[in-house]
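Reading through the structure tokens given below for one structure.
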Amino acid sequence: METAKTYENFPAWIPVVSNSVTILIWAAGFVIMLRLGWVAAAVYLAFVASLEYRLISRHCVNCYYWGRTCGFGQGRLSELLFKKGDSEKFCSGGFSWKDMIPDLLVSLVPLAAGTFLLILRFDLLLLVALLLIVALSTAGNSFVRGSLACKFCRQREIGCPAEKLFSEKYKKQP
Ligand code: SF4
């Protein structure tokens, strides 16, 4: 079986591409939630920010890439804001689909809201935002993880519960 090389520091273009996909998902989600009003859009952004804060403060601090350039660039950001944690803890908590629910809501909430609004009244911008969020949160994320980030990640080799969960899912597919 061919084993992909891993990066000590990812080349800068990889976090740029990875984050472009993520930021476009947030932007599409924001545009959709804005149709419900400024309060809904602000709550959506606050929710996204809280998930990023949780990731950088609780998980990135224990990752091999803390202080290095990872596939998403958060290892550098984590170094700027938080002290290095304990690499033993990166894998200790385990990871299940239940833990994924908050991250899934970043796409699912605007998807549900946008579909509901589109049924009530056709809106081209809303349709484009919905299509963008579907394409990026499925094919876009799968490309980023499978071909750019997780594939070349040294923490994956050391052990990553999230990657293990995803690869189990892929193994079950025919
Ligand atoms: S293997 Fe794990 S730590 Fe590495 S990029 Fe993927 S999810 Fe992040």
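Worth pointing out:
- Counting only helices (runs of 4 or more DSSP H) wholly contained in segment 8-109, the ones carrying 3 or more residues that are more than 22 Å from Arg154 (Cα to Cα) occupy 13-34, 38-54.
- Hits in segment 54-74 - residues which are closer than 19 Å to Val17 by Cβ and more than 14 Å from the chain's Cα centre (by Cα): Tyr65, Arg68, Thr69
- Segment 8-20, residues that are more than 15 Å from Leu77 (Cα to Cα) and surrounded by fewer than 18 Cβ atoms within 10 Å (Cβ to Cβ): Glu8, Pro11, Trp13, Val17, Ser20
Every residue, every condition in (1) in contact (Cβ under 8 Å) with a residue 60 or more places away in the chain; (2) surrounded by 14 or more Cβ atoms within 10 Å (Cβ to Cβ); (3) not β-branched (Val, Ile, Thr), yes or no:
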position	(1), (2), (3)
Leu108	no, yes, yes
Arg121	no, no, yes
Leu130	yes, yes, yes
Val134	no, yes, no
Ala139	no, no, yes
Val144	yes, yes, no
Pro161	yes, yes, yes
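- Which listed residue is touching a helix residue (DSSP H, G or I) at 6+ places or on another chain (Cβ under 7 Å), in contact (Cβ under 8 Å) with a residue 24 or more places away in the chain, surrounded by 12 or more Cβ atoms within 10 Å (Cβ to Cβ) and at positive phi, from Gly73, Gly29, Gly85, Gly67: Gly73
- Residue check for Ser147: of a type in the set (Ser, Thr, Tyr), under 23 Å from Gly94 (Cα atoms) and within 16 Å of the ligand (Cβ to nearest atom): no
- Scan segment 32-53 for residues that are under 13 Å from the mean Cα position of the chain (by Cα) and surrounded by 13 or more Cβ atoms within 10 Å (Cβ to Cβ) and the total you get is 3.
Every number here is computed from the coordinates shown, using simple stated rules; none is lab data. The shown structure was predicted, so the numbers you read here are calculated from the model rather than taken from an experiment. We place every Cβ from the backbone using ideal geometry, glycine too, and count neighbours over all the protein chains shown.
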